[in-house]
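The values are calculated or read from the model by the stated rules, or taken from the named source; none is laboratory data. Everything numeric here is computed off the predicted structure, so don't read it as measured data. When we count neighbours, we look across all protein chains shown, and the Cβ atoms used for this are built from the backbone with ideal geometry, even at glycine.
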Amino acid sequence: MRFWPRLGGLGPHRAVAFFGLCYLYVWLQIRPYLIFHVQEPVFFSGWSYLNGFLQIPGGISAYAAAYAGQSYVIDWLGALVITLVMACIGLCCRGYVRRVAGRRLDLFAFAPAVILLILHNRYHYDLAFDLSLLTAIAAATVSARLDQKRRLWWFVLGSPFIYWIAGGAWLLFALLCAIREWLDKRPVEAVVYAAVGAILPWLATWTVYPGTLENAYLHLLPISGPYLHGSSPFMAVALILYLFVPVTALLAAYIPPGKRSGRVAWNTSRVLLVGIGGWLVIASMDSNHRTMLEIDHQARQRNWKAVLSLVPELSAYDVLTVYNVQLALCHTGRMGKDLFSYPHQINAPIFVPSPDSPARLLALGDNLTDIGYINKAEHMLQEAVEIQGDRPSLLRRLVMVNVLKNRPSAARVYLGQLLRSPLDHAWASDYLRALDVDPRRADDVEIRRLREVMLETDYPGFFSPEDIMRQLLERNPNNMLAFDLLMGHYLQTAQPDKIVQNIRQLSQFPKAFPGTEIPRLYEEAVMLWATQVRLRTGAMPKLPLFGRSLSMSTQRRYSQFSQVLALHRDDPRRAKIELAKQHGDTFWYYYLYRGKETGVPVVSRATRHVQ
Amino acid sequence: MMTVRSGLLLALLSLVVVAALTSVGAGNTSDVLTESRTPRLDPDYTDVVIPPNMAPLNFVLQESGVEFRIDIGAVGGEAQIEIHTDTPDIRIPIKAWRQLLSENIGESIEIRVRTRNEAGQWRQYQSITNHVARDSIDSHLVYRLLRPVYNKYVHMGIYQRDLTSFDESPILENRHAENACLNCHTFHQNRPDPMLLETRGGKRSPVLVARGGEVETIDTITEFNHSPATYATWHPGGQHVCFSLNNATLFFHTDPSVETREVFDATSELVVYSFQDNMITTTPAISSLDFAETWPEWSADGKHLYFSSTPVTPIEQHQDVRYDLMRISYDVDSGQWGELETVVSAAEAGMSVLQPKVSPDGRYLVCTMADHGNFPVFLSSSDLYVVDLQEGGFRRLEINSDEAESWHAWSSNSRWLVFSSKRRDGLFARPYFTYIDEEGRFHKPILLPQQDPAFYDSFIQTVNVPVLVDGRVEVSQRALARAILSPDQVTKAVLDPAVLIDELAASSRSPTEPYSSGSTP
C-alpha cells in the first residue's frame, strides 16, 4: 500500500470505491452498448486506414479511441475502458497540481471524473476527447516532474508530437507548462511557453497541415462547432473540464491552505462534495433520451417486443422514436389495434419521416428493405454511409442489398472491407464463404422472403407513401408489412373511406386476420365512414365487409362514444376531456381531435401511458 | 544375412526414394502436370499491352495451391523475375519489373506460373503473353475518389497517382475545405499546370485555376448564367475554357436490376470563358431555349467545339432523351461562331451520344453511347465508341463490358485512353487503360495496378473522372483549400456585351443543385 498512488488523500480503498462507483455508473446507467449504438466507432486494420488519421492533428488520439471504442459492444469492458481513462486523467490532474502547487487536492482530484461522467451522459461525447485530454495532461504532468533544463527539452522536442497526438488539447498542455514556469517564478519562460503554444498550430497550417486554422487549433476540442451538437450547456461543462486543472493549480498555489478542521467536519465536507458530485451526474443524465436510444437500438436489432415494452418509460419522444414504435406495432401485428394507444404522428404519413438526420436514414433503410423497396433502401443506406462514414452496421446492410440486386461482386467488396473490422471479421468471412457456394444466397431465409416481396418493376421518379405501398402490393398482394403500413397510413391521415375500400384485402392474410375478425381500428374507421355516409345521404350504406363482421364490443363502444359526444354537445372542451378518459385510443377520438397541426407532439394526447 | 548384392539393391532403392522426395519439394519437372490453359489472374492481366513505364501489374493468382512459382521474362527467354511464395498474392519487385519492361519495349513478355497442392503435385500452366508497348503513358493519373453519392456529399478528394510507382497523394481532400464539393478537374493538353477545378460549397461555387503554384478563384456567375460551371474543356490555346451549365435533377429507379440513380438535365447551355478578358460569351446555337447542350470538347486544332445536344424534354419522358453529337466552329481570336453540324445523330446511332473526347492528334473522337439519357456512369448500357475524324464513321469498341463505361480521357501522345468502368462489380467505377495502336485498334484494357494485388476487393470508393497528365501536380492542398474558403481575391467574370440574354435560354438563370452538403451540424 505504501506505493499505491494516494488519490486526493482518500487512500487506496476510497479511491477504489470512488472509481468503482464510476465504473458501475458507466456500466449500468450510461450503458456503453448505447454509446456504441450512437457513435459506432469505426476501426479498420491496415495502413491506408491509419494513414488518414496521421494527416491531421489529434488523429492518433482519434485512431486509438476508435480502436478502444470497439470494447463498447461488451458492456462491462467498455465501461472499464472509459473508467480507466477517467482514472488516468484524475491521477494526472492530481499529480500535476501536486507538483506545481505542492498541495494534494483531496476530493477535488476526482472532480475531472465527475465532469467526464456528466459529459459521457451525452452519448455523443467521443472517447477521442478523453484521450486527447489525457495526452495533454499526462505530458504536462511529466514535464512538471522534470528539472527546468529537462522541462525545456521536453517542451521543445515533445511539442510537435504532443500536438500531433492530442490536437486541440495541445493548447492546454502549453498553458500548463507555462503555469509551471510561472509558479516557479520564471515569467519569461512562462510567456515563451504560452506564445509557442499559441503559434504552433498556426505554424502547422503553413507547413504540414493543409486544413483550416480553426481545425488546426480546435480539432478534438469539444468546444468547437462540430462537437457542440447545438448545446451551450455542453460547451460550458467541457470548458470547465479543460480549465479545471490550470485554474485549480493557480488557486492552490496562491490561496494558502486553511486550518484543518476536525475529523467530523472534514468527513462531512467530503460526503457533501461526493453527494453534490453524484447529484450532478445523476441529474445530468437524460433518462428519457436514454430510453429513446434503447428503443432505437432494440428496433435496429428487430426486438420489436422489447421496443414496445420500453414505451411506458417515455415521458417525451421524437419522430424517430415514434417511427420505431410504429414499426414495432407493425411487426407484432398490433398496428390495426394499438396505433393510437402508442405515440403516433399527427396528420402525417405513417411512413418515411423525412430523413433529416442520419439516425433516421438507418431506420428508413431497414424498413424499406423489410417491405421490399430495395433501391430506395440502398439510397437511404448510401446516404447514411456518406454522412456517418463506413460504419460496419451500414456496410452489412449494403451487403444484403447488393445480394438482393444480384450484384454479389459488389457485396464482396463491402465484405472485403468488413474483413478489416475486428468485430465483423468472422461474420464477413462466413458470408464470403456462403457467397462462394451460392451468390444469390438462396439459403438465407430473410433473403428468400425479400425476393418474394421486393419490387421488380421500374417506377422512376418520386412517389408518395401510399403509392409506394400500392406498388409493393401490386408486386405481391401477400406483402403483409406493406399492407399494414398502408392501412396505418390511412388511419393516421384520417381516411376512413380508404380503410373501407381495403377491407376485402384482409382475406389475403388469413393468419393475421383469421375468421371474420376485423382489427379494432379498422372497425372504428368503418363505423365512422358509415356515419359520414348516412349524414351525407340520409341513408345507412351497406357495409362492404366481405364476409366479416363488426364486433359487438366495438359497436358498444361506438354507442358510448356517441352518447358522451351528444351529452356534451354544447361544451366541446368538456366532451374532449370526457372522451379522452375512455376513448383516447380510438380512431374516432383521433379523427375528431387531431386538429390541423402535423408532426409529433412532445407528449401524446391520446396515449394513456403518458400524461 | 545381407549379401553385397542386396546391399547394393537397397542403396539404389534408397537413392531413388530420396531423389523422388526431393524432386517433389524442388519442383522436379518430371512430376509436373501441364495444364492446357493459362492461369486465372485477378485483375486479368492476360494478353494485354502494357505501357513501358507502368508500375508492376501485381495480381492475385486464382488457382488453388500451397506454393506458387512465377517466372517473368522475355518470350522464350530466361526468367528475369522469379517469385517463389506460399501466398497467391503476387507482388512483383518494382526495380526488376522496370528493367524487364525497358529491355523489352515493343516486344512481348511472358508470365509462367506453377502451383503446388498439398499433396505435393505441381502444375504448370500455359504461359501468359503480354506485350510491352513502344509508347509510354503519361506519368500521372488524376482522379476523384468518393463513395457512391446520392443527394448528400461529405467526403471526397482529388488525388494523383504516379503510374510508374504506387505512390498516391492528395491534391485536395475536401475535409480541409469544410467539406466543399469538388467537381471536375481539367487540365490543358495533359499538362499538370494549369489545373482547373470546379467546386461547390455554401453560397459560392467558384472555379479554381492553379497556375505555377498560385491559385486564382473565379466566380463564373453572370447575369446570364446563374448556375455554377459543370463540365469544362480547355481550348488548345490555353486562353479559353468552355463550360457547361447544367440544370440537373437526380431521380431514382425502383427496378433492382438497374442502377438506382439517374441524372436528368432539364436544360443545359454552354459558355466560353476567356482568361484574357475575364469574359463569358456564348451564342444561341449553344445556349438555346429549345435544346439542352452539354459535354463540351474542343477539337485538337481548337477550331471546333464538339458537344452533345438534345431537344428539351420533360422528365417524364426521360427514357426517350437521346443526345446528338454536334459541332460548331469558333474562332477564339475574332469570336466568330460558325454553323452547327451534326457529327453523329442519335437517330442514326439509335443511342444517346455523350462525353466526346478528341485525341490530341485529332485523329479520333471517343464518346460514350447509352440507350438514353445524359449521365453515362449511371447507365449500364453506356459503352465507348470511336468516331474516326479522318475517314468518318463510328463503331463500338471491342473493349466494352456489360456494365457502364464512361469518363474516358486521352494521353498526351494519343496512344492511351483511360476510362472508368464498373465491369468488376456493377457498382464501383475503376480506372482502366487501353492502348491504341497505329492501326487504330483498341487493345484489351488493364486495370490500374496496385501494390496490394487484392486492393480492389475491399475498396469501397469509386474512381471518378480519371485524367492523364504528364507530370506531377505541384499546387499545394493549402493553396487550393484557401482559394475555396478564404480567397485573397475573387475574379468576377463579366458577360460579353454582345450576348443578348433575352434571346438565350431563360432556364439557365435559375440555379438548381441536385446535391447538397451532408455535413452534420
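Some points to look at:
- Residue match in region A:317-326 (condition: assigned to a helix (DSSP H, G or I) and more than 30 Å from A:PHE509 (Cα to Cα)): no
- All positions within region B:386-430 that are in contact (Cβ under 8 Å) with a residue 40 or more places away in the chain, of a type outside the set (Gly, Ala, Ser) and outside any loop (DSSP other than H, G, I, E, B): B:VAL386, B:VAL387, B:ASP388, B:PHE394, B:TRP407, B:HIS408, B:TRP410, B:TRP416, B:LEU417, B:VAL418, B:PHE419
- Scanning region B:393-412 for residues that are over 17 Å from B:HIS443 (Cα atoms), within 15 Å of the chain's Cα centre (by Cα) and either away from chain A (no Cβ under 13 Å) or crowded, with 24+ Cβ neighbours inside 10 Å (or both) gives B:ALA404, B:TRP407, B:SER412.
- Any hit, region B:186-199, residues being among the β-branched types (Val, Ile, Thr), away from every other protein chain (no Cβ under 14 Å) and either in a strand (DSSP E or B) or surrounded by 23 or more Cβ atoms within 10 Å (Cβ to Cβ) (or both): yes
- Boolean, A:SER421 is in contact with a helix residue (DSSP H, G or I) (Cβ under 8 Å, 6 or more places away or on another chain) and within 14 Å of chain B (Cβ to nearest Cβ): yes
- B:ASN179 meets each of the listed conditions (1) closer than 20 Å to A:THR212 by Cβ; (2) part of a strand (DSSP E or B); (3) not β-branched (Val, Ile, Thr) apart from (2).
- Residue among A:GLN471, A:GLN505, A:GLN495, A:GLN501 that alone is within 13 Å of another protein chain (Cβ to nearest Cβ), polar (S, T, N, Q) and more than 31 Å from the chain's Cα centre (by Cα): A:GLN471
- Yes/no for B:ARG415 being under 14 Å from B:TYR364 (Cβ atoms), surrounded by fewer than 21 Cβ atoms within 10 Å (Cβ to Cβ) and modelled with pLDDT of 95 or more: no
- A:TYR125 being in the same structural domain as A:ALA238 (by TED's automatic domain parsing) and farther than 15 Å from A:THR141 by Cα: yes
- Among residues of region B:136-169, those that are part of a strand (DSSP E or B) and more than 8 Å from chain A (Cβ to nearest Cβ), counted: 16
- Residues of region A:552-599 that are assigned to a loop (DSSP other than H, G, I, E, B), under 41 Å from the mean Cα position of the chain (by Cα) and of a type in the set (D, E, K, R): A:ASP585, A:ARG594, A:LYS596, A:GLU597.
- Every residue from region B:473-521 that is small (Gly, Ala, Ser) and modelled with pLDDT of 75 or more: B:SER476, B:ALA479, B:ALA481, B:ALA483, B:SER486, B:ALA493, B:ALA498
- Filter pass, A:PHE462 being exposed (fewer than 14 other Cβ atoms within 10 Å of the Cβ), among the aromatic types (Phe, Trp, Tyr) and within 14 Å of another protein chain (Cβ to nearest Cβ): yes
- For region A:16-65, a residue qualifies if it is aromatic (Phe, Trp, Tyr), in a helix (DSSP H, G or I) and either touching a residue at least 60 places away in the same chain (Cβ under 8 Å) or over 27 Å from A:ARG360 (Cα atoms) (or both), and the qualifying residues are A:PHE18, A:PHE19, A:TYR23, A:TYR25, A:TYR33, A:TRP47, A:TYR49, A:PHE53.
- Test: B:ASP383 is of a type in the set (D, E, K, R) and crowded, with 23+ Cβ neighbours inside 10 Å: yes
- Evaluation of B:ALA177 against (1) surrounded by fewer than 21 Cβ atoms within 10 Å (Cβ to Cβ); (2) farther than 22 Å from B:ASP265 by Cβ (one fails), failing number: (1)
- Cβ-Cβ distances below 7 Å connect the following pairs, each with a first residue in region A:382-393 that is more than 9 Å from chain B (Cβ to nearest Cβ), a second residue that is surrounded by fewer than 22 Cβ atoms within 10 Å (Cβ to Cβ) and of a type in the set (Ser, Thr, Tyr), and a separation of six or more residues or different chains: A:PRO392/A:SER421.
- Some residue of region A:355-362 being of a type in the set (Lys, Arg) and more than 8 Å from every other protein chain (Cβ to nearest Cβ): yes
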